[in-house]
Amino acid sequence: MTVSAFAAAWFLHLLAAASPGPTILMAARTGVTAGARAGAMMALGCAIGAAIWAMAAWFGLALLFQVAPALLWGLKVAGGLFLISSFVVGAAPDSGWFAYVPLTTDEFSPGLNLDFWLLGVTMLEVAGIVAAIEIIALVGRFRAVGMAVSRIPVFVWASFVASVMILFAFPPLVAGTILLELDRKIGTTFYDAAAGGDPLLWQHLFWWFG
């Protein structure tokens with residue numbers, strides 16, 4: 001998974017750079033997905049893959065949940081494909097770095113540009129949650145016999161703390177992207193101030209993650 005995440009992130013970068021279109025506009029659209037590519041796909045994918053493999057080896061275990069790594073890898077690939085396909089079909093995200101509402105509603109961002117980004121990011125974040133559960137379970141319950149908490153390697157501690165942070169940070173962002181997609185495609189009004197919604201809700205959910 002580590003190798004595939006690294007390769008996919010670089011493929012996205014090269015594809016975005018080679019995409020046709022005005023230079024300034026493509027630079028802006030590439031910047032919108034840079035966080036998703038570098039963070040959710042490359043850094044998070046590589047780090048999580050390395051952490052799960054290393055801890056399973058150090059603790060003397062096979063992978064704890066046999067389905068979880070496969071689900072994690074599948075979600076990473078699916079999320080990455082959504083981001084890649086947005087450039088292929090000429091619908092790269094155009095919503096700005098933070099995707100603030102109401103600039104990301106159908107009124108101001110028509111087309112499928114933001115939908116590709118929302119679905120891709122949601123899948124990548126769900127994959128991160130699955131991985132965090134796997135790591136926390138490995139560290140908290142399935143250490144090798146005789147391995148006290150004080151003897152856990154520093155890398156494992158770092159992975160454990162990062163996984164706890166992921167469990168607190170990612171679910172609000174997943175909820176925010178799902179609500180925004182519902183507003184765009186089904187007509188809900190979670191972020192529509194005129195209909196009783198609150199545009200600032202997106203900022204609260206996004207910056208809880210941030």
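Things to note:
- Positive minus negative residues near residue 135 (Lys, Arg vs Asp, Glu; Cβ under 15 Å): +1
- Computed accessible area, residue 179, all protein chains, 1.4 angstrom probe, square angstrom: 40
- For residue 78 and residue 208, the difference between the fully extended length at 0.36 nm per residue and the C-alpha to C-alpha distance is 44.3 nm.
- Förster-model FRET efficiency, 41 Å R0, residue 108 and residue 71, C-beta, rounded to 0.05: 0.70
- Pairwise FRET efficiency - residue 57 versus residue 168, Cβ, R0 = 30 Å, nearest 0.05: 0.65
- Computed E for residue 150/residue 194 - FRET, C-beta separation, R0 45 angstrom, nearest 0.05: 0.20
- Extension reserve of the residue 161-residue 85 stretch, reckoned as 0.36 nm per residue once the Cα distance is removed: 24.0 nm
- The order of 123, 165, 55 by accessible area, most exposed first and with a 1.4 Å probe, is 165, 123, 55.
The values are calculated or read from the model by the stated rules, or taken from the named source; none is laboratory data. Since we're looking at a predicted model, the values are computed, not measured. Here the Cβ is made from the backbone with ideal geometry for all residues, glycine too, and neighbour counts use every protein chain on show. Heavy atoms of the whole protein, side chains included, go into the accessibility calculation; ligands, DNA and RNA do not. Shrake-Rupley method; radii C 1.70, N 1.55, O 1.52, S 1.80 Å.
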